[in-house]
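Quick notes on the structure that follows.
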Amino acid sequence: MPGRADPYPRYARLREISPVVRADDGALVVTGYGDCATVVRDPRLQHLPADMLAFVGFPDWREHPALHQLFTSMLTLNPPDHTRLRRLVSSAFTPRRVEALRPAIERMVQDLLDGMDGHDEVDFVEAFAFPLPVNVIGELLGVPAQERAGFQTLVRDWTQVLEVITPDVLARADPAAAAIRDHLAGLVEQRRQRPTDDLLSALVQAQAADDRLTDEEVLSNAALLFAAGFETTTNLLANGVVALLHHPEQYALLGRRPDLAQPAVEELLRYDSPVQLSSRVVTAPLELGGVTVGEGERVVAYLGAGNHDPARFPDPGALRLDRADNAPLSFGGGIHYCLGAPLARLEAQIALPALARRFPSLALTGQAQRRDSLSLKGYTSLRLRTG
């Protein structure tokens, strides 16, 4: 399967071989834009039911905090459970609540840029790409400022189960997931006693008719929202900066043209997606790439490959911040379309033009550590020269 540092040549080769390729583990891999869009949007393809984990070696998945926390969140559930949870969580995660964060995001961006100023070299992940989204989602959710930084390693260890589930991975992911849950449980209890104007209080109170989120659902989905709220955006910012600095004329253009913020972020999402793949199980036969796919088959949509499909995006290897008709698959689609996508976009639209204006001579030093993951693509460290 594709190499992790630069998977795009491999994606192109897979497309040349066939629209649908069977991987070594038996899963069907699709790499075309149209087929990837079908996988994430068509209701005949659903997430792997948690009970099926028994057939891949984890009949005791409920005893593993990392798996239990993941497979009881709306990220991996199917209707009708997903429908109910999505409705209740969406009632708390409103566009109004996101847009109200704009002034706070602008202040955070300026503060972080001020912190980078005066340093000849910085670790961009440590100085900017992590603290911005973790503080934004922490502010939205209601996680105290002094507690946010400690979640970075915990979330990274927990989300390794999105990549592969092995005993070694679970040995790190289980205690991390348990620590996240315990921390959030204490905050949930505080909100039950003294509600505030934050998303965690709204989740505690989320209600539709006689339906409510259970205590377990509040904790699982709070953990999901917090983790997804900074993990994906950190990768978007770091991947985006690397892409821009490899195309200095585009970086300079963004500094001169802040009006390009919205299309620029869409192009950066397309060019090097923070989320590279999404898996589904077929519940009724359908056609992908001219191949009939049967019930029970597992399908992996390589979203990063779909975003580089030349049939959808002319000259996909070129970075063009003003690219027209841009609709990347990076946030998925259908009923599982990323709930936090508007927030991630808002952060990047504010942050990246401001960075380009403040540091027009920003440059890569060649010192970077990539995240050891294919599904979540990003950096754990990225050193830059500021001038």
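The values are calculated or read from the model by the stated rules, or taken from the named source; none is laboratory data. Everything quoted here is computed from the prediction, not taken from an experiment. Neighbour counts are summed over all protein chains in view; Cβ atoms, including those assigned to glycine, are modelled from backbone coordinates with ideal geometry. For accessibility, only protein heavy atoms count, side chains too; no ligands or nucleic acids. Shrake-Rupley method; radii C 1.70, N 1.55, O 1.52, S 1.80 Å.
Structure data summary
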| read-out | value |
| --- | --- |
| Number of positions in region 162-171 that are outside any loop (DSSP other than H, G, I, E, B) and open to solvent by 50 Å² or more (accessible area, probe 1.4 Å) | 4 |
| Looking only at region 1-18, and only at residues there that are under 25 Å from the mean Cα position of the chain (by Cα), modelled with pLDDT of 90 or more and not aromatic (Phe, Trp, Tyr), the one that is surrounded by the fewest Cβ atoms within 10 Å (Cβ to Cβ) | PRO9 |
| Complete set of residues in region 310-333 that are among the small types (Gly, Ala, Ser), at pLDDT 95 or above and loosely packed, with under 15 Cβ neighbours inside 10 Å | ALA311, GLY317, ALA318, ALA327 |
| Listing of helices (runs of 4 or more DSSP H) fully contained in region 184-293 that carry 2 or more residues being under 30 Å from PRO314 (Cα atoms) and open to solvent by 50 Å² or more (accessible area, probe 1.4 Å) | 248-256 |
| Condition met for LEU88 (open to solvent by 10 Å² or more (accessible area, probe 1.4 Å) and either touching a His at 6+ places or on another chain (Cβ under 8 Å) or touching a residue at least 12 places away in the same chain (Cβ under 8 Å) (or both)) | no |
| Unmet criterion (only one of (1) modelled with pLDDT of 90 or more; (2) surrounded by fewer than 18 Cβ atoms within 10 Å (Cβ to Cβ)) for ILE105 | (2) |
| Restricting region 24-36 to residues that are assigned to a loop (DSSP other than H, G, I, E, B) and open to solvent by 10 Å² or more (accessible area, probe 1.4 Å), the residue that is modelled with the highest pLDDT | GLY32 |
| Of the criteria (1) over 21 Å from CYS338 (Cα atoms); (2) under 20 Å from the mean Cα position of the chain (by Cα); (3) open to solvent by less than 50 Å² (accessible area, probe 1.4 Å), which one GLU126 fails | (3) |
| Of all residues making up region 160-200, the number that are at pLDDT below 90 and hydroxyl-bearing (Ser, Thr, Tyr) | 1 |
| One residue from VAL39, VAL21 being aliphatic (A, V, I, L, M) and not in a helix (DSSP H, G or I) | VAL21 |
| Evaluation of PRO79 against (1) part of a helix (DSSP H, G or I); (2) touching a strand residue (DSSP E or B) at 6+ places or on another chain (Cβ under 9 Å); (3) not hydrophobic (A, V, I, L, M, F, W, C) (one fails), failing number | (1) |
| Test set (1) in contact with a His (Cβ under 9 Å, 6 or more places away or on another chain); (2) open to solvent by 50 Å² or more (accessible area, probe 1.4 Å); (3) closer than 20 Å to ALA206 by Cβ - PRO79 fails condition number | (1) |
| Residue list for region 352-374, filter: closer than 25 Å to TRP158 by Cβ and either open to solvent by less than 10 Å² (accessible area, probe 1.4 Å) or not in a loop (DSSP other than H, G, I, E, B) (or both) | ALA368, GLN369, ARG370, SER373 |
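Table: residues versus (1) touching a helix residue (DSSP H, G or I) at 6+ places or on another chain (Cβ under 8 Å); (2) in contact (Cβ under 8 Å) with a residue 60 or more places away in the chain; (3) assigned to a helix (DSSP H, G or I); (4) crowded, with 20+ Cβ neighbours inside 10 Å.
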residue	(1), (2), (3), (4)
GLY115	yes, no, yes, no
GLY118	no, no, no, no
ASN135	yes, no, yes, yes
LEU140	yes, yes, yes, yes
GLU147	yes, no, yes, no
GLN160	yes, yes, yes, yes
ALA173	yes, yes, yes, yes
ALA176	yes, yes, yes, yes
ASP182	no, no, yes, no
